[in-house]
Amino acid sequence: RPTRTPIEQQVRTRKPTKTLRPTRTPIEQQVRTRKPTKTLRPTRTPIEVGERTRKPTKTLRPTRTPISQQARTRKPTKTARPTRTPIEQQDRTRKPTKTLRPTRTPIPPDAGDEFNPAGITASCSLRGKGGPAGKPELVRVYLTVRNHSGATITDVVPGALDISGSGSITQSANSRGSMPNGSVYSFQWALDVDGIASVSASASATDPDGGDINIGPIDCGSINGGAS
């Protein structure tokens, strides 16, 4: 059914653009300019810029008493002052030896044991040291002397070796100056032995009274040395 007021169909149109209304005070568009440079204002007292100069050197003022430069001299040597009593330099002498004072009861010295030549004994031995094949063997001869005679014997000298067979001396024994009572000393020789050799040795000495002491000959034995 038709309504009371018919509705008319209208063509849709675009919304009109908004029109700017002027403000109370129109704003004028100005061209932007650069900021002016700052102008320096002069100070109360203008400062003049001058050329820089070097600082003047300091002038030394003379002291009240001028000091003169003198050449250095060596310190004078010290002069020794004489003492109240001059000391005389004397030659040093050795301290005198102390003299032993006798005791109330003199003690006689102990009498030593009497010399007994039978207390001098000796023994001899041979020791083979071997050697290369086809060559003589090295053999050592030792003559050992023992002194139990009760006194010291002096000038103990080895005698000559008596060698029977094939052997020659390559080193001789050394002598000894003295042998106190109870001492033992061995004389030593070296031999080259190529075959069978028999050896005997001897020595001599002097007793406390200056007499001669003959030691030996002592049999040292036999040895078969050299190439087999």
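Each peptide among 12-18, 201-207, 144-150 gets the average number of other Cβ atoms lying within 10 Å of its residues, and from highest to lowest they stand as 201-207, 144-150, 12-18. The largest-to-smallest principal axis extents of the Cα set in the range 103-226 are 79, 21, 16 Å. Ranked by the mean number of other Cβ atoms within 10 Å of their residues, highest first, the peptides 179-187, 217-225 fall in the order 217-225, 179-187.
The Cα atoms of the range 163-223 define a convex hull whose projected area, averaged across directions, is 4.8 nm². Of 191, 174, 157, which is farthest on the positive side of the dipole of the range 155-228, counting Cα position, with +1 on Lys and Arg Cβ, -1 on Asp and Glu Cβ, and the Cα centre as origin? About the Cα centre, the residue reaching furthest to the positive side is 191.
Any read-out appearing in this document is the output of simple, stated calculations on the displayed coordinates, not a laboratory observation. As the structure is a prediction and not an experimental result, all values here were calculated from the model. As a convention, Cβ positions derive from the backbone with ideal geometry for all residues, glycine included, and neighbour counts pool all protein chains shown.
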